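See below for the structure under consideration.
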């Protein structure tokens, strides 16, 4: 029997939006493979198939399992929400097959079944925001470098695309949406319409209509898609609408039209078209102005035709001439590059939402009145201050000068750290200083490691005595200080169904060697961790860190409840 892999996009999640072909593929399959949440969404449609379900970040193992089963002759459905070919499983399944030497037409068969992607489902709830050119950009930088994502945002913003932001924010990945807003505000009006849709056509659906400058005031997470309008998008009551351009040729409120059907495609009735605005082929420079822009590349004198770059320069110059109030035109008039903040006058720039973690110190837990007043002043009416379990406050505030803001915070004795996927060092209060012997070591570890970028947030917990009342042994790396010696714990997991304490890998290590030891461990994690790999999984995979061997935790024993349920 020839095996088949159906890569199924099931749309938003409601069965009414599942295509007939997708239903048939699910019925024809003997095995369904998917992320836990997706399996739960389609469970009512299943009829006894074997289910292989995994958690977040296990996409590769799902694709590999699908290929293995299909090679054995099984009919396998790999499911993705939305469309399987848009940030879904289709590409990864093909990549795994290609890595095994598979060619199109080989065994197993593969069929990608399309579904409704989030840009479409969310747009339908908002009205008609993607009636004109639009693009999708994922803000997840777990697999794509942020530098690449930022360039794509910059390009889409400058080109006036309607933009759908996928994976805009997670619990640990919070800075990307803030930086995205900053980039967009360099090119778009602050009042540009924005639609924020959570869980489209699912339980808990939420639809928010706001503006670009205010969008961070609303809840945005991994279940959210953010639609940014272009320069023509507008709100009409609850509807978000992007015109296609019909008003340029048609009168929408009368039956009689100015142009007859046969006249509508004539060049003279389309003064904005390429045929009407492009330079003549016989000219050597675009006929936009007598003086070319600073970025324009002159054609060699022995050539009578224009390159694609000349045509692009001509179009951009015309746009700048027609819309001199935009940041793009301002930058070009000053001789700068599009989107360069340095070339845009300060009065045209928008204050970005700056996000940073602050604390009075790694051992000090007391915040002074002066510090609290400054935090309140900086946050103002549009920012916020949020307490976190890492003994830090997350400060969000709008500013044009992040460096000056950090300087003000540090001037009153606050420790300032980045947020996101970084090393966090938290310690107990050392019994208000009564057990202060371990504080210098905690502060040295904090100085060396806190704020370093890592694949997934890594928490180092430091307890000042064997009581361990601050729970250091449950963190990724735990340190328990005992009379000049340290017990070291590695690989804790604080949340989830398989939460577990860290393994005690060493006792009575001399305290003075611990900062160097931890630095080596953290640097190896930074250098060798797989994308999105948490520290406890990294420790399990590599097996040995600095001579300390990983040991599998004993299997959990599930006892019957006393009530018999």
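The values are calculated or read from the model by the stated rules, or taken from the named source; none is laboratory data. Being a predicted model, the structure only gives us computed values, none of them experimental. Here the Cβ positions follow ideal geometry from the backbone for every residue, glycine too, while neighbour counts run over all protein chains shown.
Going residue by residue through the range 246-254, is there one that turns out to be free of Cβ contacts under 8 Å to residues at least 40 places away in the same chain, surrounded by 14 or more Cβ atoms within 10 Å (Cβ to Cβ) and in a loop (DSSP other than H, G, I, E, B)? Within the range 246-254, one or more residues are free of Cβ contacts under 8 Å to residues at least 40 places away in the same chain, surrounded by 14 or more Cβ atoms within 10 Å (Cβ to Cβ) and in a loop (DSSP other than H, G, I, E, B). Going by the structure shown, is residue 378 touching a strand residue (DSSP E or B) at 6+ places or on another chain (Cβ under 6 Å), at pLDDT 90 or above, closer than 21 Å to residue 353 by Cα and assigned to a strand (DSSP E or B)? So residue 378 fails the test.
The requirement of being modelled with pLDDT under 90, surrounded by 13 or more Cβ atoms within 10 Å (Cβ to Cβ) and in a helix (DSSP H, G or I) is fulfilled somewhere in the range 258-272, by at least one residue. All of 13, 48 fail the test of being more than 25 Å from residue 537 (Cβ to Cβ) and exposed (fewer than 13 other Cβ atoms within 10 Å of the Cβ), apart from 48. Against the test of being surrounded by 18 or more Cβ atoms within 10 Å (Cβ to Cβ) and not in a strand (DSSP E or B), the options 66, 77 yield a single qualifying residue, 66. The single condition among (1) modelled with pLDDT of 95 or more; (2) crowded, with 18+ Cβ neighbours inside 10 Å that residue 111 does not meet is (2). Could you list all residues from the range 387-400 that are free of Cβ contacts under 8 Å to residues at least 40 places away in the same chain and more than 15 Å from residue 414 (Cα to Cα)? Across the range 387-400, the qualifying residues are 388, 389.
Restricting the range 202-223 to residues that are closer than 18 Å to residue 396 by Cβ and touching a helix residue (DSSP H, G or I) at 6+ places or on another chain (Cβ under 8 Å), the residue that is surrounded by the fewest Cβ atoms within 10 Å (Cβ to Cβ) is 210. For the range 476-491, filtered to residues that are in contact (Cβ under 8 Å) with a residue 40 or more places away in the chain and out of contact with any helix residue (DSSP H, G or I) (no Cβ under 7 Å at 6 or more places or on another chain), the residue that is nearest to residue 425 (Cα to Cα) is 488. Scanning the range 1-38 for residues that are assigned to a strand (DSSP E or B) and free of Cβ contacts under 8 Å to residues at least 60 places away in the same chain returns 31, 32, 33, 34, 35.
Please indicate, with yes or no, whether at least one residue in the range 392-415 is more than 23 Å from the chain's Cα centre (by Cα), closer than 16 Å to residue 361 by Cβ and in a strand (DSSP E or B). Within the range 392-415 (the criterion being more than 23 Å from the chain's Cα centre (by Cα), closer than 16 Å to residue 361 by Cβ and in a strand (DSSP E or B)), the answer is yes, since at least one residue qualifies.
Has the range 525-546 got any residue that is in contact with a strand residue (DSSP E or B) (Cβ under 6 Å, 6 or more places away or on another chain), surrounded by fewer than 17 Cβ atoms within 10 Å (Cβ to Cβ) and either modelled with pLDDT of 90 or more or assigned by TED's automatic domain parsing to the domain that holds residue 450 (or both)? Within the range 525-546, none of the residues are in contact with a strand residue (DSSP E or B) (Cβ under 6 Å, 6 or more places away or on another chain), surrounded by fewer than 17 Cβ atoms within 10 Å (Cβ to Cβ) and either modelled with pLDDT of 90 or more or assigned by TED's automatic domain parsing to the domain that holds residue 450 (or both). Among the residues of the range 365-373, is there at least one that is at pLDDT 90 or above, surrounded by 13 or more Cβ atoms within 10 Å (Cβ to Cβ) and under 25 Å from residue 214 (Cβ atoms)? No, there is no match, as no residue in the range 365-373 is at pLDDT 90 or above, surrounded by 13 or more Cβ atoms within 10 Å (Cβ to Cβ) and under 25 Å from residue 214 (Cβ atoms). Taking the criterion of being assigned to a loop (DSSP other than H, G, I, E, B) and at pLDDT 90 or above, the only residue of the range 39-57 that qualifies is 49. Note on the range 118-148: residues that are under 18 Å from residue 212 (Cβ atoms) and in contact with a helix residue (DSSP H, G or I) (Cβ under 9 Å, 6 or more places away or on another chain) amount to 7.
Being modelled with pLDDT of 90 or more and under 19 Å from residue 176 (Cα atoms) is true of residue 395.
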